[in-house]
Every structure is written in structure tokens, then in C-alpha cells.
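Peer 1: So that we are looking at the same thing, I have put the structure below in C-alpha cells.
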Amino acid sequence: MTVTLLLEPLPADARVDDLASTFREVPADAPALRVGELSTQRGDGVFETISVANGHAQETGPHLDRLRNSAVICELPEPNLAQWRAAIARAVELLPSTGEFALKLVLSRGVEHGPAPTAWLHAAPAADFSRPREQGISVVTLDRGYAHDAAAQAPWLLLGAKTLSYATNMAALREAHRRGADDTIFVSSDGFVMEGPTSSVLLRHGEVYSTPAPSGAILHGTTQMSLFDHLAETGRQTEYRDIRVDELGTADALWLVSSVRLAAGVTELDGAAFPFDAETTRAFNAYLLEPRD
Ligand code: PLP
């Protein structure tokens, strides 16, 4: 079961009464993109992946805020968020009301020399993530190849934007698999913890939960933000800070968190067994599966 909607270009400030008339459903087996499309030719665009859990699109607001921020960093026309909200609501209506789905929003520079960006969303069943959620994952650290403050030195790297150019992230995952691990944590060339190729890093030292400060070189994860709100509401201490790589080894628990896989506890780090906090992981995933806005 998949759903694809193609959105008409709409300026960010356009007010349209009938937003449903600005997007249309494309059958799964019908052509939807032109061959000159720059998202496919150069990865020149931005995206978001939202979880739809039991008929609810999770954290739509934070995902749309990040989509707009990514568009600004990439100098793409700002998306019309009301139109995206309406399209997301339509996709959710078309999906089954139980189960988990990954809903991807894509905004690209469009067709070369074309007049407007291309925008679409596509929803498909999520993979079965029960094993990483319940039993955890093994992780290796890999060098990201730049310093943790690289965003300020080289803004053209578009760090901090969720661009479609994920080939290097996928290459890092393949390298992790070659080394016998399920996933990886990127570390900066100057020795700081950054993020996973598709996830944010969360550490617990005692009762204090920390995550790398969003310096512009990593994505600010919607799942991490939601978990931090939840932790703060339930009286736990949270902090954003620069985290040195050796602090991974001194943590009492470590997670990679993301929108669709949710919280995966680390059970092995760089080949050595790592303490797995099964109880907190269960509580995290129970919270993350509740409807969240
Ligand atoms: N960092 C990177 C590089 C990502 O690709 C993702 C998600 O795909 C995340 C962090 C986690 O973000 P979120 O929790 O919003 O899914």
C-alpha cells in the first residue's frame, strides 16, 4: 500500500481556499517525474521523512519547520506549509488507520531551466523495526571528514539541511555493515560526536541525558527534540553540549533515535559490549508511538 501525491508549485505566502485542488494523487505505477528532474540528476533538493503511526502523522510541525529551514539553506523557494499540511492530511486519510508508514516529503529544484520546483510526497509501509527497538543495535564510530564547526567555514556543504544527497550517508552505513555493525555514529575530524547517517545520538550519564549541540553541522532531529521535551516534562535533566568522542565510552546508555525506526539502544560500540538500558528504551518507544504533534 503506497500513496503518492504531486504538489503544484505554490508560493509560501499564497492563500488558497481549496488547498486540495493544488495536489493530485499519482497511481503507484504511473510516471510522475520528468527525466530532467534535478532531484534525480544531482540530488539537488531537500526532504523529510515523517512517521505515520496508527493513522497519525507524527511531529508534522517540527518536520515542516525543518523542511522550510532546509529549503532556506539550499536557496530553494520556501515551501507553502499550509499546502504541505493539507497534502499530509490527505495521504493519512488514504492510508490504513493501523500500522506504521514512512511518509517522505520531497522538494527539489525541479527540471533544469524549468520555471518551478518539484514537490511530492510518497508514503509506504515502514520496515519492521521491532528487533532494533527491542534488542538494540551494534554501532561503530566513523570519521565524518570535517570539523564540528565546519558549517561556518564552508556553508556550501549545506550542513544542517536535510538534502537529497544521501549517497555518503548510505556509503557510511555500508562501511558499518562491512565492519560487522548495524549502524554508525559519525565523529568529527576534531574529535566530537555528531550524529548517525539517519539518526541523532542520545547519551545518558547517570540521570543526565545529553545530545550534541546543534552547531549547524548536524541535523536537529525531531525525535530527539520530542524525547527531550518528554524527559524534561517527566523531571529528567537534559542538555545540549559539545560531546567528545571518549565520552561515548563513559556513558551509562546510548541511543540512536530517528522518526521511523524510533529509539534503538546501543548494545555494542566499536566491537566492545555496551550496557543496554532495556527499560528506558521500552519507555522511549512507547512514548514515541503515541500520537505526537
Ligand atoms: N540526522 C540525520 C543525518 C538524519 O538523516 C536524521 C533522520 O533521517 C536524523 C538525524 C534524525 O532526525 P529525525 O529524528 O527528525 O528523524
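The values are calculated or read from the model by the stated rules, or taken from the named source; none is laboratory data. All of these numbers come straight from a predicted model, not from anything done at the bench. Methodologically, a virtual Cβ is constructed for each residue, glycine included, from the backbone with ideal geometry; neighbour enumeration extends over all protein chains shown. Side chains included, ligands, DNA and RNA excluded: accessible areas come from the protein's heavy atoms. Shrake-Rupley method; radii C 1.70, N 1.55, O 1.52, S 1.80 Å.
Peer 1: Kindly work out what percent of the DSSP beta bridges joining two residues of segment 130-288 are antiparallel, to the nearest 5.
Peer 2: For segment 130-288, the DSSP antiparallel bridge percentage is about 55.
Peer 1: Where the only charges are on Cβ atoms (+1 Lys, Arg; -1 Asp, Glu), what is the dipole of segment 130-288 about its Cα centre, to the nearest 20 debye?
Peer 2: With Lys and Arg at +1 and Asp and Glu at -1, about 500 debye.
Peer 1: Return the FRET efficiency for the residue pair residue 16, residue 154: r is the Cβ-Cβ distance, R0 is 30 Å, and the value is rounded to the nearest 0.05.
Peer 2: After rounding to 0.05, the efficiency reads 0.20.
Peer 1: Can you give the charge dipole size of the chain about its Cα centre, rounded to the nearest 20 debye, using +1 on the beta carbon of Lys and Arg and -1 on the beta carbon of Asp and Glu?
Peer 2: For this selection, approximately 480 debye.
Peer 1: Enter the mean projected area of the convex hull around the alpha-carbon atoms of segment 1-154, in nm², rounded to one decimal.
Peer 2: Over all viewing directions, segment 1-154 projects a mean Cα-hull area of 11.8 nm².
Peer 1: Restricting to Cα pairs below 8 Å that are 6+ residues apart, what does the relative contact order work out to for the chain? Please round to a whole percent.
Peer 2: 20
Peer 1: At 1.4 Å probe size, with the rest of the protein present, what percent of the exposed accessible area of the chain is carbon and sulfur atoms?
Peer 2: So the carbon and sulfur contribution to the accessible surface is 51 percent.
Peer 1: I've got another one for you. Given all pairs of different Cα atoms, what value in angstroms does the Kirkwood hydrodynamic radius of the chain take?
Peer 2: For the chain, inverting the mean 1/r across all distinct Cα pairs yields 19.9 Å.
Peer 1: In whole percent, what relative contact order does segment 3-125 give with Cα contacts below 8 Å and a gap of six or more residues?
Peer 2: Dividing the mean separation by the residue count of segment 3-125 yields 38 percent.
Peer 1: Give me Rg over Rh for segment 136-293, both radii from the alpha carbons and Rh done the Kirkwood way, two decimal places.
Peer 2: Across segment 136-293, the Cα-based Rg/Rh ratio is 0.94.
Peer 1: Out of the GluC sites (Glu not before Pro) in segment 202-258, which ones are loop residues according to DSSP with at most 12 other C-beta atoms within 10 Å?
Peer 2: The qualifying sites are 207.
Peer 1: May I ask for the Kirkwood hydrodynamic radius of segment 57-144, worked out over all distinct Cα pairs and given in angstroms to one decimal?
Peer 2: It is 15.6 Å.
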